[in-house]
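The values are calculated or read from the model by the stated rules, or taken from the named source; none is laboratory data. Only a predicted model underlies this, so the values are computations on that prediction, with no experimental measurement involved. Methodologically, a virtual Cβ is constructed for each residue, glycine included, from the backbone with ideal geometry; neighbour enumeration extends over all protein chains shown. Ligands, DNA and RNA are stripped out before the accessible areas are found, and what is left, the full protein with its side chains, is counted by its heavy atoms. Shrake-Rupley method; radii C 1.70, N 1.55, O 1.52, S 1.80 Å.
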Amino acid sequence: MHEITPDNPILRPEARKGRLPGRLNKWHYASGALALLVAIPLLVVFSGWLQPDTEIWSHLAETLLNQLFINTIKLVIGVGLGVTLLGVTLAWLTTRCDFPGRGLFDWMLMLPLAIPAYVMAFVAIGLLDFSGPVQTALRSWLGVGHYWFPEIRSTGGVIAVMVLVLYPYVYMLARTAFLTQGRSTLEAAQTLGYGPLEVFRRVALPMARPAIVAGTSLALMETLADFGTVATFNYDTFTTAIYKAWFGFFSLQTASQLASLLLLFVFISLMTERATRRRAQYHDTMRSGKPTRFILHGWRGWSITAALSLLFAIAFLIPFIQLCLWAMESISEEFDSRYFGLLYHTLLLGLLAALLTSACALVLGFARRYQRDRLTAFTVNIANLGYALPGSVLAVGIMIALTQSDHFFHRLTGLLGYNTTGQILGGSVFALLIAYVIRFMAVAHGPVETGLSRIRYSLPEAARTLGARPREILTRIYLPLIRPGLLTAMLLVLVDTMKEMPATLLMRPFGWDTLAVRIYEMTSEGEWERAALPAITLVLVGLLPVILLVRKTLQDR
Amino acid sequence: MKKTIIALLTLAIALPVYAEETITVYSARKEHLIKPLFDAYTEKTGVKIQYITDKAAPLLARLKAEGANTPADMLMTVDAGNLWQAAKEGVLSPVQSDTLKKNVPEHLRDPDNRWFGLSVRARTIVYSTERVQPSELSSYEDLAAPKWKGRLCLRTSKKVYNQSLVAMMIARHGEEKTSQILEGWVNNLATAPFSNDTKTMQAIAAGQCDVGIVNTYYFGRLQKKDPEIKLALFWPNQDEAGVHINISGAGITQHAKHRNAAIQLLEWLSSEEAQQQFAALNMEYPVNPKVTPDDLVASWGKFKADDLNVALAGKLQTQAIKLMDRAGYR
């Protein structure tokens, strides 16, 4: 282990790994402040325990809870395996292999990210259920009851839909990880006689572990928090129970209690994962140029092309075409001049949220890098929990926290002899942005942290030795090196913010409608066809940053 | 950095400043079903209306949290249960208005005048005209009979419309009989419950099942798109309580800053002038007995509606959900 340099925390982590810090420094305060920002609404959620309502609990325990746990576990395992296998395989294929159309698939495979999960769910059921066009055609050819068709409204169906919309998280993070793996390491492995599969399994994969885990955790947190997709399938999960308690039994308390259990589960999982890799370091020590690709010739290459085309068709093209068809039916009654306002609000909120959240994530990332003690691990994990709560529950938590601060402000001014009323934070753009930061911190943190973890400590140290100031080390060493990760973070947050519904609905200032609000208006009573136009606009707007990101990361290589 | 903070704070403070003659509405009824009426009202009176839309439960949570600082003057929902709950939680205040009493029949408003129905939504039986004779049908309860085994399609029990329907059955029949009916329904299901009424009807049209229970305006939407669709509505329980109805309605908030203006708006919404459009925009039925429904809606025929107060739907909702859970109705 290297010598401790307490006067110079930007260079090396404290050697007190896994202990409580001896002395607090600016990174503790910074990560602590961000954790507090997230913790306040979470505490509001936990405060549901102050008013226990045993009646609903015993009813749930009697009737549903068992099944809900089983369903949720099935979903988590299915989606977890699915997104990891799919995302990692695809990332490996597009970054380290060559086959016909590779350049196109490289970015096309990110596109499903722009399709909201509930849209995918609706399209899948619309097409494949008994009354859908596929089975109707089968019936007219083969006759009723003379064919076998998998039931789409089933556990397998939900898992498939979720995997298709969530694999891009793993794909994008693993892709960046593979792209930044140096040539020498991989070539050394090849020199030792490893074939493509072995290089992948024994070198590239272990090195990309933080990225893959980050991607999979994002996908799983979203799975646990999801309501739209499971509701479309009428598939009962733990989240269903949360909404049942709230909307059905009118008990926000019980809903909060259930939600806080969900949070606890995610928190423990995150801490456990950290603990298992605490000692491992993932720096690429020999980062030198672009490694050669494994070229897949002949039928091998083409069969990969065919498989990826099929995947792309299912995950993006078919839902997109279906949306286009619906949009054409309704464009005359749906399109009006207000659309530009919707577009403007969507983009503005998305961009601001992306910048703000990524900046916060960067602070967390640095804190984590330089303070490898238990306190920082704890605060960073707290700061990332906002993503694991069902959207509406978190939105209400944030809203209550903000309105309480308004009340507090009024009492304060009252004491000072002024009389103020009305909303200050509540219902402002600022409040909405805070909500996005809280919600999407984990989304930005994943790529930022994996980006940072690849930079070995000796690099900034060397710069320091050469007389660089901390600011220069940041702008000339760190920022260029984590640019791919930072861009991925901003893109993910941008797209996620644009799709976000519950917080936007509840906290938007009057008149600040976005495309997602418009989609809600139409889908809330099942008018999916009329939601197609805003949904397509959302997908198209989401495509721009995806393309931008791809061009950037290509240049970086 | 400092400048940014100052700019953000200014933004935060400057934004929520409202003009005085602006009524604020929190609405669970969708924008395109209320905006045309609000626009008409503004044109007629000069009173501006601003609104946000969301689901009823988050809006109610927001109203409660904001307390006396709420900008909201009116809460609008699409079912009686949520209005009943809002009243129970004390965010709505009673309104003594002869106009509202005259325009809104007694069973479609709160006995304590804290909320008023504005349109009626009928939940009735839909059947395949190819495989079912209307003479085979009689009541919701009859759909539990063995002759419908494997022929029934239902929407999920998580939807408040079904919870209200079952709540009203509890009010009429008591828990035990309602439980038996629910178990009968579940036994007769052809497939797992659907997430919405439209899917239910499409399944019946496609032959997956023969009968179902839906809100009439969903049927209207399908019929508009495909006038040849082989489905029809049946009005059940005509010799007994009548067809189950729910309301979409509104109430004035406890801390309304523009109480009188908001009451005037509510009265106008219940008037003959507004009622036709309010109901027609979503193919619902007007609450005001003097107003006739839209042509397509009228073409489905007249029916006897249940005249129990819709407040019961809220009161018995919890009980209804419990019964449905126990019966295994998802």
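Please report the relative contact order for chain A, taking Cα pairs under 8 Å with a sequence separation of at least 6, and give it as a percent rounded to a whole number.
Numbers: 752 pairs, mean separation 137.7, N = 557.
This gives 25 percent for chain A.
Over chain B, with the other protein chains present, what is the accessible area per residue in square angstrom, probe 1.4 angstrom? Please list the in-between numbers first.
Working: 12400 Å² over 330 residues.
Using a 1.4 Å probe on heavy atoms only, each residue of chain B averages 38 Å².
Nothing charged except the Cβ atoms of Lys and Arg (+1) and of Asp and Glu (-1): what's the magnitude of the dipole of the range A:58-194 about its Cα centre? Round to the nearest 20 debye. Don't skip to the end; give the middle numbers.
Working: 7 positive and 6 negative charges, 31 e Å.
Using only the charged Cβ atoms, the result is roughly 140 debye.
Which residue fluctuates the most in chain B, going by a Gaussian network model with Cα springs under 10 Å, if the choices are B:Gln96, B:Gln254, B:Gln317?
B:Gln96
Determine Rg/Rh for the range A:291-358; Rg is computed over alpha-carbon atoms and Rh is the Kirkwood hydrodynamic estimate from the same atoms. The partial results should precede the final answer.
On the way: Rg = 20.1 Å, Rh = 16.3 Å.
Across the range A:291-358, the Cα-based Rg/Rh ratio is 1.23.
What is the spin-label model distance, in nm, from A:Ser337 to A:Arg456 if the labels are put 7 Å beyond Cα along the C-beta direction?
Here the modelled spin labels are 6.3 nm apart.
Return the value, in Å² to the nearest 100, of accessible area buried between chains A and B (probe 1.4 Å, both sides summed).
Details: alone 25370 and 15010 Å², together 35040 Å².
Buried surface at the A/B interface: approximately 5300 Å².
Restricting to the protein assembly as shown, what percent of DSSP beta bridges are antiparallel, rounded to 5? Please report the intermediate quantities before stating the final value.
Details: 25 of 41 bridges.
If we restrict to bridges inside the protein assembly as shown, about 60 percent are antiparallel.
Near the amide H of A:Asp98, under 5 Å away, which other amide H atoms are found, from residues 5 or more places off or on another chain, if H is placed in the peptide plane?
So A:Asp98 has HN proximity to A:Phe294, A:Ile295, A:Leu296.
Would you work out the relative contact order for chain B, in percent, from Cα pairs under 8 angstrom that are 6 or more residues apart?
Details: 603 pairs, mean separation 93.4, N = 330.
Relative contact order, chain B: 28 percent.
Which number do you get for Rg(Cα) / (2.2 N^0.38 Å) in the protein assembly as shown?
On the way: Rg = 28.8 Å, N = 887, 2.2 N^0.38 = 29.0 Å.
So the protein assembly as shown has a normalised radius of gyration of 0.99.
Over the heavy atoms of A:Asp513, what accessible area does a 1.4 Å probe trace out, to the nearest 10 Å²?
Counting only protein heavy atoms, A:Asp513 exposes about 30 Å² to solvent.
Round to the nearest 0.05 the FRET efficiency obtained for B:Lys48 and A:Trp302 when R0 = 60 Å and r is the Cβ-Cβ distance. If you can, show how the numbers build up before the last one.
Values: r = 64 Å, r/R0 = 1.06.
Computed FRET efficiency for B:Lys48 and A:Trp302 comes out at 0.40.
Pull up all non-local amide H partners of B:Phe194: gap of 5 or more, or a different chain, and H-to-H distance under 5 Å with H placed in the peptide plane.
B:Leu154, B:Arg155, B:Thr156
Calculate what fraction, in whole %, of the accessible area of the range A:457-557 sits on carbon and sulfur atoms when a 1.4 Å probe is rolled over the protein chains.
Numbers: 2280 of 3720 Å².
Ligands and nucleic acids excluded, carbon and sulfur reach 61 percent.
What do you reckon, how do B:Ser119, B:Ser271, A:Ser309 stack up by accessible area (1.4 Å probe), largest on top? Mind showing how you got there, number by number?
Details: B:Ser119 0, B:Ser271 25, A:Ser309 50 Å².
Result, largest first: A:Ser309, B:Ser271, B:Ser119.
How large is the dipole of the range B:49-182 about the Cα centre if only Lys and Arg carry +1 and Asp and Glu carry -1, each at its Cβ, rounded to the nearest 20 debye?
Approximately 400 debye in magnitude.
Please sort by residue number the GluC sites (Glu not before Pro) in the range B:112-170 whose DSSP state is loop and whose Cβ has at most 16 other Cβ atoms within 10 Å. Each step should come with its number before you reach the end.
Numbers: sites: B:Glu130, B:Glu136, B:Glu141; in loops: B:Glu130.
Loop-located and lightly packed - B:Glu130.
May I ask for log10 I(q)/I(0) of the range A:410-557 at q = 0.11, 0.14, 0.21 Å⁻¹, from a Debye sum over the Cα atoms as equal point scatterers with solvent left out?
-0.66, -0.86, -1.26
Starting with the highest mean, order A:32-41, A:455-464 by the number of other Cβ atoms within 10 Å, averaged over the residues of each peptide.
Details: A:32-41: 19.8, A:455-464: 16.9.
Top to bottom by mean Cβ count within 10 Å: A:32-41, A:455-464.
Report, as an integer, the average count of C-beta atoms from other chains found within 10 Å of each Cβ along B:152-159.
Working: counts 0, 1, 0, 2, 4, 3, 8, 4.
Counting Cβ atoms of other protein chains within 10 Å of each residue's Cβ and averaging gives 3.
Taking every residue in A:123-130, how many Cβ atoms of other protein chains lie within 10 Å of its Cβ, on average?
Neighbouring Cβ atoms belonging to other protein chains average 3 per residue here.
Which sequence of B:Lys35, B:Lys322 reflects their accessible areas, 1.4 Å probe, from the largest down? Each step should come with its number before you reach the end.
Values: B:Lys35 55, B:Lys322 25 Å².
Highest to lowest solvent-accessible surface, that is B:Lys35, B:Lys322.
Output ³J(HN,Hα) for the range A:64-72: one whole-Hz value per residue in order, computed from phi by the Karplus curve 6.51 cos²θ - 1.76 cosθ + 1.60 with θ = phi - 60°, and x for Gly and Pro.
10, 3, 3, 4, 4, 4, 4, 4, 5
Which is farthest toward the positive dipole end of chain A among A:Ala531, A:Gly228, A:Thr276, measuring Cα position about the Cα centre, with Cβ charges +1 (Lys, Arg) and -1 (Asp, Glu)?
Of the candidates, A:Thr276 comes out farthest on the positive side.
Which one of A:Leu494, A:Thr475, A:Ala462 is farthest out on the positive end of the charge dipole of the range A:432-525, using unit charges on Cβ (Lys, Arg +1; Asp, Glu -1) and the Cα centre as origin?
A:Ala462
With an 8 Å Cα cut-off and a minimum separation of 6 or more residues, compute the relative contact order for the range A:113-230 in percent. All intermediate terms of the calculation are to be shown ahead of the outcome.
Values: 79 pairs, mean separation 37.5, N = 118.
After rounding, I find 32 percent.
Using the basic label-point model (7 angstrom from Cα toward the beta carbon), what is the A:Phe149 to A:Glu273 distance in nanometres?
Going by the 7 Å Cα→Cβ label model, 3.8 nm.
Can you list the HN-Hα couplings for the range A:33-44, worked out from phi with the Karplus curve (6.51, -1.76, 1.60; θ = phi - 60°), rounded to whole Hz and with x for Gly and Pro?
Ordered by residue, 3J(HN,Hα) equals 5, 5, 4, 5, 4, 6, 5, 4, x, 5, 5, 4 Hz.
Every cysteine in the protein assembly as shown with no other Cys Cβ under 4.7 Å from its Cβ, please list them in numeric order.
Lacking a cysteine Cβ partner under 4.7 Å: A:Cys97, A:Cys324, A:Cys360.
Could you give the length gained on full extension between B:Lys224 and B:Ala298, defined as 0.36 nm per residue of separation minus the Cα-Cα distance, in nm?
On the way: separation 74, 0.36 × 74 = 26.64 nm, distance 1.40 nm.
Full-extension gain reported as 25.2 nm.
So what is the accessible area of the range A:47-120 per residue, in Å², with the probe set to 1.4 Å? The partial results should precede the final answer.
Working: 3000 Å² over 74 residues.
Accessible area per residue, the range A:47-120: 41 Å².
Just to check I understand the Karplus step: with θ = phi - 60° and J = 6.51 cos²θ - 1.76 cosθ + 1.60, what whole-Hz values come out for the range B:191-199, glycine and proline as x?
For the range B:191-199, the Karplus-derived couplings read 7, 4, x, 8, 7, 8, 5, 4, 4 Hz, x marking Gly and Pro.
Return the average number of partner chain Cβ atoms within 10 angstrom of each residue Cβ along peptide B:79-90. Please list the in-between numbers first.
Details: counts 0, 0, 3, 2, 0, 1, 2, 1, 0, 1, 1, 0.
Shielding by partners across B:79-90 averages 1.
Sort A:487-493, A:203-209 for me by packing, meaning the mean count of neighbouring Cβ atoms within 10 Å per residue, highest on top.
Working: A:487-493: 27.0, A:203-209: 18.7.
Order by mean packing, descending: A:487-493, A:203-209.
Give the long-range amide H neighbours of B:Ile49: residues separated by 5 or more places, or on another chain, with amide H under 5 Å away, using H modelled in the peptide plane at 1.01 Å from N.
The answer is B:Ile23.
Nothing charged except the Cβ atoms of Lys and Arg (+1) and of Asp and Glu (-1): what's the magnitude of the dipole of the protein assembly as shown about its Cα centre? Round to the nearest 20 debye.
Numbers: 86 positive and 70 negative charges, 842 e Å.
Roughly 4040 debye, rounded to the nearest 20.
What net charge is computed for the residues neighbouring B:Ala87, neighbours being all others with C-beta under 10 Å from the C-beta of B:Ala87, Lys and Arg scored +1, Asp and Glu -1?
Details: positive: B:Lys88, B:Arg114; negative: B:Glu89, B:Asp110, B:Asp112.
For residues surrounding B:Ala87, the net value is -1.
In the protein assembly as shown, if the dipole is taken from +1 on Lys/Arg beta carbons and -1 on Asp/Glu beta carbons about the Cα centre, which of B:Ala145, A:Trp299, A:Leu24 is farthest to the positive end?
A:Leu24
Rank B:Ile204, B:Ile49, B:Ile125 by mean-square fluctuation in a GNM of chain B with C-alpha springs under 10 angstrom and give only the top-ranked residue.
With Cα springs under 10 Å in chain B, the top fluctuation among B:Ile204, B:Ile49, B:Ile125 is at B:Ile49.
Subtract the Cα-Cα distance of A:Asn66 and A:Thr136 from 0.36 nm times their separation in residues, and report this length gain in nm to one decimal. Don't jump to the answer; show the numbers that get you there.
On the way: separation 70, 0.36 × 70 = 25.20 nm, distance 3.60 nm.
Residue separation times 0.36 nm, minus the Cα-Cα distance, leaves 21.6 nm.
Calculate the spin-label point distance for A:Ile321 paired with A:Ser58, positioning each point 7 Å from the Cα along the beta-carbon direction, and give it in nanometres.
5.7 nm
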